[in-house]
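Participant: To start, I am sharing the structure in question, which I have written as structure tokens.
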Amino acid sequence: MAAKKKTKSKVQETTLRHLWLAGLGVAAVARRETLNAANDAVAKVVSLKKQAGKLADEAQANVLGGIASVREQGEAKASQFSAEVEARLAPVLVKLGLKPAPKKTTRGRKPVKKAAAKRARATPARKPAAKRLVRRTRG
């Protein structure tokens, strides 16, 4: 058997060239990571901007909805108040002659037709009930 000859590995010495190549590698990796971090930051900013826009739209819709309901309630109260004031002032205005007296209308009744009115008059009147005599006892 032949004996294998072990070769001693040379310990590489750090040379100026090695330092230069290592520096180039670090710079390349740092540039790549910086670009990735910048792209991630831009994506997050865009995402946050969209989210803020959605939240602003929702808040605006909520506020407008609330304002609309308050406005409707206010208009109802104002019209109710106005009607109440007019109703209370109407007799005073009539007395002063500034407003003609309101015509009285029948509520929910239809006017009586002439034929029905004639029939109502044609029926004979009832006789009045006879008076009862009350006896007084002498005592």
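Participant: Multiply the residue gap between I67 and K131 by 0.36 nm, knock off their C-alpha separation, and tell me the result in nm, one decimal place.
Facilitator: The I67-K131 span can extend by a further 15.7 nm.
Participant: Here's a follow-up. Using a 1.4 angstrom probe on heavy atoms only, work out the carbon and sulfur share of the accessible area of segment 27-67 in %.
Facilitator: Looking at segment 27-67 in its full context, I get 64 percent from C and S.
Participant: Which of the aspartates and glutamates could a cross-linker bridge to K49, judged by Cα under 13 Å and excluding same-chain residues fewer than eight apart?
Facilitator: By straight Cα distance, K49 reaches D57.
Participant: Please compute the net charge surrounding V46, taking Lys and Arg as +1 and Asp and Glu as -1 over other residues with Cβ under 14 Å from its Cβ.
Facilitator: +3
Participant: What list of ³J(HN,Hα) values in whole Hz, one per residue of segment 75-89 in order, does the Karplus curve 6.51 cos²θ - 1.76 cosθ + 1.60 (θ = phi - 60°) give from phi, with Gly and Pro shown as x?
Facilitator: 5, 5, 5, 5, 5, 5, 5, 4, 5, 5, 5, 4, 5, 6, 7
Participant: If the chain between V42 and L19 were fully stretched, how many nm would it gain, using 0.36 nm times the residue separation less the Cα-Cα distance?
Facilitator: Contour length minus Cα-Cα distance gives 4.8 nm.
The values are calculated or read from the model by the stated rules, or taken from the named source; none is laboratory data. All figures in this text were calculated on a predicted structure; none of them were measured in a lab. Every residue, glycine among them, receives a Cβ derived from its backbone with ideal geometry; neighbour counts consider all protein chains shown. The protein model used for the area step is the full one, side chains on, heavy atoms only, and it has no ligands, DNA or RNA in it. Shrake-Rupley method; radii C 1.70, N 1.55, O 1.52, S 1.80 Å.
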